[in-house]
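Have a look at the structure below before the remarks.
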Amino acid sequence: MAKEVKSVNYGLEKIFEGAQDFLPLLGTDYVELYVGNAKQSAHFYKTAFGFHSLAYAGLETGVKDRVSYVLVQDKIRLVLTTPLNSISPINDHIVKHGDGVKVVALWVEDAKSAYEETTKRGAKSYLEPVVEKDEYGEVVKAGIHTYGETVHMFIERKNYNGTFLPGYEKWESDYNPSSVGLKYIDHMVGNVGWGEMNQWVQWYEDVMGFENFLSFDDKQIHTEYSALMSKVMSNGNGRIKFPINEPAEGKKKSQIEEYLDFYEGPGVQHIAVATDNIISTVSQLRQRGIEFLSTPPEEYYKAVPVRLEEFDHKLREDIEPLKTLGIMIDADEEGYLLQIFTKPVQDRPTLFFEIIQRMGARGFGAGNFKALFESIEREQSNRGTL
Ligand code: FE2
């Protein structure tokens, strides 16, 4: 197994200097999950995560075979979809993977061009460009396959001012729990199979024009028992970041292998959502029943000030609430970041969320990997899958 990995490089601008971006991306448009019961999932994401009702498609809007609830919190849009019969191919996805991310939709200026540029570079087509219209204008959609059964949709909405997409109606609900302060998707991580990471890195480079701007090998990401490797892919303007993980050999089972076993293939491992006030966000999430990985030990928090000093940064938050809430801190040359990880949000140990507050740092918490993975291994051990 290859162990050589490039050194850390945060100089995105340098990498992209002079590069032609054939796939300009404006941001993440939405993330669609296929779930067993969209109505109940929607309630969970509203109640526990502070999302708001945005749009709906189903029997009442003329859709016969599935139902989709669209939720929003600041710039984050989640779509939760369930089939309404046994013949919908959405069932196959749920039978195989359980609840999980099907679509990572990207907001583009020109969906037809995005489709043409990526398919001519080798992307497998999922949906040829289609124009969908309603009284609020038109949207152009197209899609390509990525790892596993996950797809990227390209969404062009410059000529549209409806609530979400044609085919959806505004969803007015009397039940509106308050937001917890989640702002936007910071990054989304994919888990791929043994030895497949570099192939997907190459795919994001060749097909999507992304660059590999950070790499971690299994010497950096390991505990006494298990290991993984990760490379972070970013698009030209840095708005879209997709780290890609693969399992690595260790004394016991890698958490990535556990994911692959239970998801029955590659897929989205976690969605990292940003907040401006992680103490407030995590306090509310905990009150609303969201479970997080266990809190790092006392020694971890003793080491934090030293780690920040190494980089000449000063922690602006009180360390006590961070400690109480189990929030982790990492630093690099440019600043620091605060982060915490939920337990899986469905019964299979697959998809989970990360809450992140960036205080200048552009990394992914490499300094926390050891503490984090030890905590995941405690969970794996409880599940009998370590
Ligand atoms: Fe992450």
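Only the coordinates and a few stated rules stand behind these numbers; no lab work does. Worth saying up front: this structure is predicted, and the values here are computed from it rather than measured. When we count neighbours, we look across all protein chains shown, and the Cβ atoms used for this are built from the backbone with ideal geometry, even at glycine.
Descriptive notes on the structure:
- Whole-number D in µm²/s for segment 180-383 (Stokes-Einstein; Kirkwood sum over Cα pairs; 25 °C, 0.890 mPa s): 141 µm²/s
- 0 to 90° range, to nearest 10: angle between helix 111-120 axis and the chain longest Cα axis: 70 degrees
- Counting only lysines at least 8 places from K302 when in the same chain, those with an alpha carbon closer than 21 Å to its own are K314, K323, K370.
- Computed over neighbours whose Cβ is under 14 Å from that of G137, the net charge equals -1, Lys and Arg +1, Asp and Glu -1.
- Value of Rg to Rh for the chain (Rh from inverse mean 1/r over Cα pairs, i.e. Kirkwood): 0.95
- When +1 charges are put on Lys and Arg Cβ atoms and -1 charges on Asp and Glu Cβ atoms, the dipole computed for the chain relative to its Cα centre reaches about 500 debye.
- Charge dipole of segment 180-383 (Cα centre as origin; +1 on each Lys and Arg Cβ, -1 on each Asp and Glu Cβ, all else neutral): 540 debye, rounded to the nearest 20.
- Degrees, to the nearest 10: 369-383 long Cα axis against longest axis of the chain: 70 degrees
- When each of K75/K252; K96/K158; K64/K141; K39/K141; K46/K112; K170/K241 is checked by Cα-Cα distance, pairs over 32 Å: K75/K252; K96/K158; K46/K112
- Within-14-Å neighbourhood charge of K112 [Cβ basis; K, R +1; D, E -1]: -4
- Were the residues from K314 through N176 laid out at 0.36 nm apart, the gain over their Cα-Cα distance would be 45.9 nm.
- The ranking of T118, T47, T295 by Cβ neighbour count inside 10 Å, starting from the fewest, reads T47, T295, T118.
- Volume per residue for segment 248-304 equals 165 cubic angstrom (convex hull of Cα atoms).
- Hull volume per residue, based on the alpha-carbon atoms of segment 174-226 and their convex hull, is 211 Å³.
- Cross-link partners of K133 among aspartates and glutamates (Cα-Cα below 19 Å; sequence separation of 8 or more within a chain): D29, E60, E109, D110, E156, E169
- Proxy reagent accessibility, fewest Cβ within 10 Å first, across Y175, Y45: Y175, Y45
- Label zone at H43, where the point sits 7 Å out along the Cα-to-Cβ direction: segment 331-354 residues whose backbone N lies under 17 Å: 346-347
- When only alpha carbons are used to place a centre, segment 149-227 and segment 75-148 end up 13 Å from one another.
- In segment 27-170, one over the average inverse separation of all distinct C-alpha pairs is 15.7 Å, which is the Kirkwood hydrodynamic radius.
- Simple rule: put +1 on each Lys or Arg Cβ and -1 on each Asp or Glu Cβ in the chain, find the dipole, and look at A371, P129, G181; the Cα lying farthest toward the positive end is G181.
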